[in-house]
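The numbers here are math on the coordinates, done by the rules we state, and not lab data. All values reported here derive from a predicted model rather than from experimental measurement. Methodologically, a virtual Cβ is constructed for each residue, glycine included, from the backbone with ideal geometry; neighbour enumeration extends over all protein chains shown.
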Amino acid sequence: MNTDSKILLDSNILVYSEDRRYPERQMKAIEFLDKCGEERIGVLSIQNLAEFSNVLFIKVKNLSSHDINERIRDLSIDFELIHYNINTLIKANDYYERFKTDFFDALLAATMEENNIHIIATENVDHFKSIPWIIVINPFKEEKSRLNR
C-alpha cells in the first residue's frame, strides 16, 4: 500500500476476517487489515465495532461474547478509533436526507468528515457513491486497488 491518507475500515471487512464460511474473502480481509495495521493507516469508528459485534452474534454462531470482546480489544489496539457525538448525529440526519443513503452509512460519513478521513474500505461501494468527498475502495475486487499501485 502506498498512501498517506487514513482509511476507515467498514464493518464488513472486519466480519469477513472472522467468517470462515467465505475462505477467499476471509483471506483477503485478513491481508487487507494486516496491511492497514502495518502501515498505521487503518481507522475504525466505534460504530464499526458495534456493528461487528452484532453481525458476529447473528452470523458467526460459534463465537462467544468473550471471543467477540477479545477481538474488539485487539482491534482497538491495532487501529486508531474515532467516535461520534451529538453534533455528528445531527449532521448524519442531514446527510441521510441529502444523500439518500442508509442512516448508519450517513453516520459513518459524518464521523469520517469530522475526523478528516476521506477513504473508506468496504464491500458496499454503492452505499457511499452519492457522498462526494468519500473515496471508496473495495478490497475484495480482483482488480488492483489504488493502494496496491
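Say a paramagnetic label sat at a point 7 Å from the Cα of Phe103, along Cα to Cβ; which residues of the range 40-82 have their backbone N under 20 Å from it?
Output list for this probe position: 45-55.
Going through the range 26-68, which GluC sites (Glu not before Pro) have at most 14 other Cβ atoms within 10 Å and a DSSP loop state?
Qualifying residues, ordered by number: Glu39.
For the chain, what does -39500 (n - 2.57) per DSSP helix run (n ≥ 4), summed and divided by total residues, give at 222 nm, in deg cm²/dmol to the nearest 500? Mind dumping the intermediate values first?
Details: 7 runs with 82 residues, N = 149.
After summing the helix terms and dividing by residue count, I get -17000 deg cm²/dmol.
Taking the convex hull of the Cα atoms, report for the chain its projected area averaged over all directions, in nm².
Working: hull surface 34.6 nm².
With every direction weighted equally, the projected area is 8.7 nm².
Report the label-to-label distance for Glu70 and Ile90 in nanometres (one decimal), using points 7 Å from each Cα along the Cα→Cβ vector.
About 4.3 nm separates the two model spin labels.
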